[in-house]
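S.K.: Questions regarding the structure given below will be posed in turn.
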Amino acid sequence: MNIKAGIISGFVATIALSIIMVIKTKMGVMPELNAIKMLAGMMNTSPFMGWVAHFMIGTFVWGILFALLVNKLPGGVISSAILFSIVAWLIMMIGPMPMAGEGLFGLNIGMMAPVATLMLHLNPASIIHNNPQNSLLNNDIISFS
């Protein structure tokens, strides 16, 4: 996968993750688990800038990394996307979560935090990467070069 396709895929996955996060918040499910508020707090800025950071990380950092690693990960595109999502979740659990004061794996939030965040990371992987004919992942259909 080329970098442009990875960035587009990262952006679409971030939109999917963001929709799920907003729905979770609107339903009142684990309101203490708020990645945008955590990002904004870590940057000592507004929630708007938390959203900007969230989209920049999801689109560019994870999108580019996925593009670079998808063909090196074991299995096909779908299993690579799932494995990549698990690794992204693990990095979040041992990096930003403790830096935001929520403890390793977010356990200061509660026992459900690691499970909820894992599900949040896996849902976009299944949404975006579940179709092997997805033009973002199959450069034979549409070339972004």
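The values are calculated or read from the model by the stated rules, or taken from the named source; none is laboratory data. Bear in mind the structure is a predicted one, so any value in this text is a computation, not a measurement. Note: ideal-geometry Cβ built from the backbone for every residue, glycine included; neighbour counts use all protein chains shown. When the accessible area is computed, the model is the full protein with side chains, heavy atoms only, and any ligands, DNA or RNA have been set aside. Shrake-Rupley method; radii C 1.70, N 1.55, O 1.52, S 1.80 Å.
S.K.: Report, by residue number, each residue of region 63-73 that is under 18 Å from LYS4 (Cβ atoms), among the hydrophobic types (A, V, I, L, M, F, W, C) and assigned to a loop (DSSP other than H, G, I, E, B). First the steps, then the outcome.
M.R.: So the first thing to find is which residues in region 63-73 are under 18 Å from LYS4 (Cβ atoms), and the list is 63-71.
Within this subset, residues satisfying the condition of being among the hydrophobic types (A, V, I, L, M, F, W, C) are 64-70.
Selection gives VAL70 alone.
S.K.: Then there's this: Residues of region 81-121 being over 18 Å from LYS37 (Cα atoms), open to solvent by less than 50 Å² (accessible area, probe 1.4 Å) and in contact with a His (Cβ under 8 Å, 6 or more places away or on another chain), which ones?
M.R.: If the condition is that a residue be over 18 Å from LYS37 (Cα atoms), open to solvent by less than 50 Å² (accessible area, probe 1.4 Å) and in contact with a His (Cβ under 8 Å, 6 or more places away or on another chain), then ALA81, SER85, ALA88 are the ones that fit.
S.K.: Do you know which residues across region 62-73 are without any contact (Cβ under 8 Å) to a residue 12 or more places away in the chain and exposed (fewer than 15 other Cβ atoms within 10 Å of the Cβ)?
M.R.: The one that is without any contact (Cβ under 8 Å) to a residue 12 or more places away in the chain and exposed (fewer than 15 other Cβ atoms within 10 Å of the Cβ): LYS72.
S.K.: Give me the residue from region 1-45 that is among the small types (Gly, Ala, Ser) and under 18 Å from PRO98 (Cα atoms) and, out of that set, most open to solvent (accessible area, probe 1.4 Å).
M.R.: At the first step, the residues of region 1-45 found to be among the small types (Gly, Ala, Ser) are 5-6, 9-10, 13, 16, 18, 28, 35, 40-41.
The next check asks that each one be under 18 Å from PRO98 (Cα atoms); those that pass are 35, 40-41.
Numbers: ALA35: 35, ALA40: 5, GLY41: 55 Å².
Among them, the one singled out is GLY41.
S.K.: Separate question: Tell me the residue from MET21, MET38 that is touching a residue at least 24 places away in the same chain (Cβ under 8 Å) and touching a Pro at 6+ places or on another chain (Cβ under 9 Å), please. Reasoning before the result, please.
M.R.: Details: MET21 fails: touching a Pro at 6+ places or on another chain (Cβ under 9 Å).
Matching residue, one of MET21, MET38: MET38.
S.K.: Still on this model: Is it the case that GLY76 is under 29 Å from LYS4 (Cβ atoms), surrounded by fewer than 20 Cβ atoms within 10 Å (Cβ to Cβ) and more than 17 Å from the chain's Cα centre (by Cα)? Give the derivation first.
M.R.: Numbers: under 29 Å from LYS4 (Cβ atoms): yes; surrounded by fewer than 20 Cβ atoms within 10 Å (Cβ to Cβ): yes; more than 17 Å from the chain's Cα centre (by Cα): yes.
When the stated conditions are applied, GLY76 passes them.
S.K.: Select, from PHE84, PHE60, the only residue that is modelled with pLDDT of 95 or more, within 18 Å of ALA5 (Cβ to Cβ) and either assigned to a helix (DSSP H, G or I) or touching a strand residue (DSSP E or B) at 6+ places or on another chain (Cβ under 8 Å) (or both).
M.R.: Working: PHE84 fails: modelled with pLDDT of 95 or more.
Every option except PHE60 fails the conditions.
S.K.: Any idea which of (1) assigned to a loop (DSSP other than H, G, I, E, B); (2) at pLDDT 90 or above; (3) touching a Phe, Trp or Tyr at 6+ places or on another chain (Cβ under 9 Å) is the one THR45 doesn't satisfy?
M.R.: (3)
S.K.: Please count how many residues of region 91-145 are of a type in the set (S, T, N, Q), at pLDDT below 90 and in a loop (DSSP other than H, G, I, E, B).
M.R.: Number of matching residues: 9.
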